[in-house]
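In what follows, a single structure is set out as structure tokens and then discussed.
The values are calculated or read from the model by the stated rules, or taken from the named source; none is laboratory data. Owing to the predicted nature of the structure, the values given are computational and were not obtained by experimental measurement. Counting neighbours? That spans all protein chains shown, and the Cβs are built from the backbone with ideal geometry, glycine included. Side chains are part of the model used for accessible areas, which takes the heavy atoms of the whole protein and leaves out ligands, DNA and RNA. Shrake-Rupley method; radii C 1.70, N 1.55, O 1.52, S 1.80 Å.
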Amino acid sequence: VVPTPVKINLINMLSETGLQVIEATSFVSPKWVPQMADHTEVMQGINKLPGISYPVLTPNLKGFQAAVAAGAKEVSIFGAASEKFTQKNINCSIEESLERFEEVMKAAKEVNIPVRGYVSCVLGCPYEGKISAAKVAEVSKKMYSMGCYEISLGDTIGVGTPGSMKEMLTVVMKEVPVGALAVHCHDTYGQALANILVALQMGVSVVDASVAGLGGCPYAQGASGNVATEDLVYMLNGLGIHTGVDLQKLMDTGTFICNALNRKTNSKVSQASCRL
Amino acid sequence: EPQASGLPEYIKIVEVGPRDGLQNEKVIVPTDTKIELINQLSKTGLPAIEVTSFVSSKWVPQMADHEEVMRGIERHPGVQYPVLTPNLQGFHSAIAAGATEVSVFGAASESFSKMNINCSIEESIERFEEVIKSARDINIPVRGYVSCALGCPYEGNVVPDKVAEVSKRLYSMGCYEISLGDTIGVGTPGSMKKMLEAVMKEIPLSALAVHCHDTYGQALANILTAIQMGVAVVDSSVAGLGGCPYAKGATGNVATEDVIYMLNGLGINTGVNLHAMMEAGNFICTALNKKTNSKVAQASFSTGTIN
């Protein structure tokens with residue numbers, strides 16, 4: 001469990017890199033997620049720079065209210081394209097989870113707080129295996145019509161490939177405008193950057209990533225999870241795509257958190273650059 | 001042949017683990033282990049396996065047993081076993097040991113050429129000319145490699161036209177295929193596209209291959225870009241063997257398992273059995289006492305399943 005000051009320093013350093021959105025914490029019960037128990041302190045402790053958004057997860061109305069009280073100006077809700085995953089993760093059906101979110105959406109609308117919707121398991125599920133693109137489109141459409149301004153499509157276990165990414169996006173884009181779509185790729189099978197490249201080629205222009213590739217895969221012990229922001233920015237720079245992010249500052253931030261966690265970075269750019 | 005997706009229907013994988021991979025591993029691998037690795041790879045469905053290098057053991061101790069390896073491996077029908085031959089002497093030894101395909105290595109950077117083989121690009125090409133002539137005399141196909149295609153550890157940026165120029169020289173001299181190498185892995189889909197556009201003006205697509213390093217995590221994205229442009233030959237290394245000699249501790253070759261996983265997902269045929277590939281990777285990593293660089297292998301062994 002990472003100490004609160006370290007989390008705050010990490011977020012503050014990230015705020016200096018040019019990133020425009022930094023997901024700060026989760027207003028979930030510490031019984032379920034001890035790592036996020038300090039959500040209020042973190043939210044109140046970080047420097048909130050103008051022009052930067054600090055969304056937080058709010059799994060239910062209670063979390064939402066705590067988040068707003070702590071100063072949150074943007075929240076996120078998590079759906080899934082798999083019934084089994086939803087059952088195992090939050091102990092209810094997809095339909096029931098969406099009803100829960102409806103409450104959060106209503107409350108958020110009343111105070112003009114934008115809500116981002118995540119859809120998990122878009123390219124595969126640890127329990128169901130293959131996931132139909134139609135199901136992903138259905139859940140995404142529901143969340144978008146409920147009022148989420150953006151839908152982040154998550155390859156939760158990283159099994160996707162450029163083939164399945166293309167197929168899934170083609171179907172989702174019939175229901176949700178591409179301008180409201182984001183991709184959240186995991187690098188568990190090394191496919192993340194290739195998958196992101198395909199998404200970009202199809203017009204997606206919002207990409208989730210994690211500094212130093214923090215976050216392993218809870219479904220494959222020892223395997224990697226999130227794609228490293230450094231590696232993503234390196235690729236986008238090479239493509240001449242503007243992100244506003246300073247790669248060196250990002251790498252420095254990655255170094256900081258890896259030292260604090262006493263672990264090696266998952267970013268190959270960081271690994272390579274240190275030595276040159 | 002393009003599919004409806006515009007991608008090739010079949011991609012030839014050239015497995016470079018036993019040569020490029022092992023050459024860049026610190027531990028000297030026993031001859032028996034090398035032979036066993038190659039024999040296992042021969043059973044995976046790979047169409048080409050780069051076996052060894054007929055170079056002086058003074059320069060590359062890891063490849064000192066080139067003759068024993070060449071003579072000791074099982075030769076499966078339908079599988080090519082190319083070897084590196086940096087000069088005429090090496091070429092003669094290779095043929096005497098039973099080689100039926102050879103490779104020569106050029107570079108798109110003068111500095112790299114000087115630092116690596118102590119001569120200019122022009123001089124190196126003259127050296128290869130001898131090899132290629134002798135090879136053609138006895139109908140031995142020659143593959144040409146061009147290093148530093150997307151960047152050089154000494155010169156930094158490399159101009160695409162230079163890559164095209166060197167590639168064209170090697171191709172016109174008689175190399176049947178040119179493998180374009182991102183030697184230090186600095187390339188991105190952006191620079192890959194520009195470089196291929198320049199090279200494709202001089203060399204037919206069917207004669208091109210890409211040899212991407214994953215030092216900056218860009219390999220699969222770069223390979224995807226290349227195959228979207230019609231390239232249908234990809235070099236890779238089982239378990240991602242072979243670090244980067246220019247960035248200590250950093251990775252080098254892209255892992256064959258990860259490439260196959262991506263190509264399978266794209267519906268592209270390679271003839272390679274991923275499971276068998278992972279077993280060969282597991283074998284060599286155990287023998288080398290090291291962790292695999294393949295994410296597919298890491299994930300698959302963790303979950304006990306293959307997706």
The set of residues whose placed amide H lies less than 5 Å from the amide H of residue A:186, leaving out same-chain residues fewer than 5 positions away, is A:155, A:158
For the pair residue A:178 and residue A:221, how long in nm is the line joining their label points, each one 7 Å along Cα→Cβ? 4.3
Please identify the trypsin sites (Lys or Arg not before Pro) of the stretch A:201-276 that satisfy two criteria: DSSP loop assignment and at most 15 other Cβ atoms within 10 Å. Which are they? A:263, A:264
How many percent of the alpha carbon pairs in the stretch B:47-154 exceed a separation of 25 Å? 21
Cα lying deepest toward the dipole's positive end in the stretch A:18-273, options A:146, A:229, A:108, charges on Cβ: A:229
For residue B:253, other-chain or 5+-apart residues with amide H closer than 5 Å (H placed, Pro excluded) are B:214
Please compute the average number of Cβ atoms from other chains found within 10 Å of each residue's Cβ in peptide A:192-199. 6
Can you list residues from other chains, or at least 5 along the same chain, whose modelled amide H is less than 5 Å from the amide H of residue A:118? A:77, A:78, A:79, A:152
Quick one: if you stick a label point 7 Å off each Cα along the C-beta vector at residue B:59 and residue B:205, how many nm between them? 3.5
In this structure, the FRET efficiency calculated for residue B:137 and residue B:194 from their beta-carbon separation, with R0 = 60 Å, to the nearest 0.05, is 0.95
Quick one: in the stretch A:147-276, what % of C-alpha pairs are over 17 Å apart? 58
Carbon and sulfur %, accessible surface of the stretch A:18-273 computed with the full protein complex present, 1.4 Å: 53
Taking a ≥ b ≥ c as the square roots of the Cα gyration tensor eigenvalues, with a/c under 1.5 meaning rounded and otherwise prolate when a/b beats b/c or oblate if not, chain B comes out rounded
HN-Hα J in Hz across the stretch B:103-109 - Karplus 6.51, -1.76, 1.60, θ = phi - 60°, x for Gly and Pro: 10, 10, 10, x, 9, 8, 10
Once the in-chain neighbours fewer than 8 apart are removed, the lysines whose Cα is under 26 Å from residue B:194 read A:166, A:268, B:12, B:114, B:162, B:168
For the protein assembly as shown, what is the calculated [θ] at 222 nm in deg cm²/dmol (nearest 500), taking -39500 (n - 2.57) for each run of four or more DSSP H residues and dividing by its residue count? -12500 deg cm²/dmol
Any aspartates and glutamates whose Cα falls less than 20 Å from that of residue A:88, other than same-chain ones fewer than 8 residues away, would be A:96, A:99, A:128, A:155
Taking a probe of 1.4 Å and counting only protein heavy atoms, give the total accessible area buried between chains A and B in Å², rounded to the nearest 100. 2700
The stretch B:12-302: relative contact order as a whole-number percent, Cα under 8 Å and 6+ apart: 18
Of B:230, B:88, B:52, which is farthest towards the positive pole of the stretch B:12-302's charge dipole, taken about the Cα centre with +1 and -1 on the beta-carbons of Lys, Arg and Asp, Glu respectively? B:230
Give the accessible surface of the protein assembly as shown per residue, rounded to a whole number of Å², with probe radius 1.4 Å and ligands, DNA and RNA excluded. 40
Just to confirm my numbers, what's the Cα centroid distance between the stretch A:165-196 and the stretch B:62-126 in Å? 43
Given charges at beta-carbon only (K, R positive; D, E negative), |dipole| of the stretch A:88-224 in Debye: 160
Rounded to whole Å, give me the distance from the Cα center of the stretch A:5-67 to that of the stretch B:161-179. 54
Residue B:289 to residue B:269: FRET efficiency via 1/(1 + (r/R0)^6), r the Cβ-Cβ distance, R0 35 Å, to the nearest 0.05? 0.50
Taking the Cβ-Cβ separation of residue B:161 and residue A:88 as r and a Förster radius of 35 Å, what is the calculated FRET efficiency to the nearest 0.05? 0.05
Can you pull the Kirkwood radius for the protein assembly as shown, inverse mean 1/r over Cα pairs, to one decimal in Å? 25.0
Charge dipole magnitude, Cβ of K and R +1, D and E -1 - the protein assembly as shown, Cα centre, debye nearest 20: 800
So in the stretch B:12-302, what percent of DSSP beta bridges are antiparallel if you round to the nearest 5? 5
Can you spot the lysines whose alpha carbon is less than 17 Å from residue B:58's alpha carbon? Ignore those fewer than 8 places along the same chain. B:26
Here the cysteines of chain B without any disulfide-compatible Cβ partner under 4.7 Å are B:119, B:175, B:212, B:244, B:285
Between residue A:6 and residue B:276, what is the label-to-label distance in nm when each label sits 7 Å out along the Cα-to-Cβ direction? 4.7
Hz values of 3J(HN,Hα) by residue in the stretch A:61-76 - Karplus curve (6.51, -1.76, 1.60), Gly and Pro given as x: 4, 4, x, 4, 5, 5, 5, 5, 4, 7, x, 5, 10, 7, 10, 10
From the cross-link list B:193/B:248; A:7/A:73; A:106/A:142, the entries with a Cα-Cα span beyond 23 Å are B:193/B:248
Assigning unit charges at the beta carbon (Lys, Arg +1; Asp, Glu -1) and nothing else, what dipole magnitude in debye, to the nearest 20, does the stretch B:12-302 show about its Cα centre? 300
Ordered by residue, what ³J(HN,Hα) values in Hz, to whole numbers, does the stretch A:253-263 give under the Karplus form 6.51 cos²θ - 1.76 cosθ + 1.60, where θ = phi - 60° and Gly and Pro are x? 5, x, 4, 4, 5, 5, 4, 4, 8, 6, 9
Could you work out what % of the accessible surface of the stretch B:12-302 is carbon and sulfur, using a 1.4 angstrom probe and leaving DNA, RNA and ligands out of the count? 50
Over the Cα atoms of the stretch A:18-273, compute the convex hull volume and normalise it per residue, giving Å³. 126
Shielding by other protein chains, B:210-220, mean Cβ within 10 Å: 6
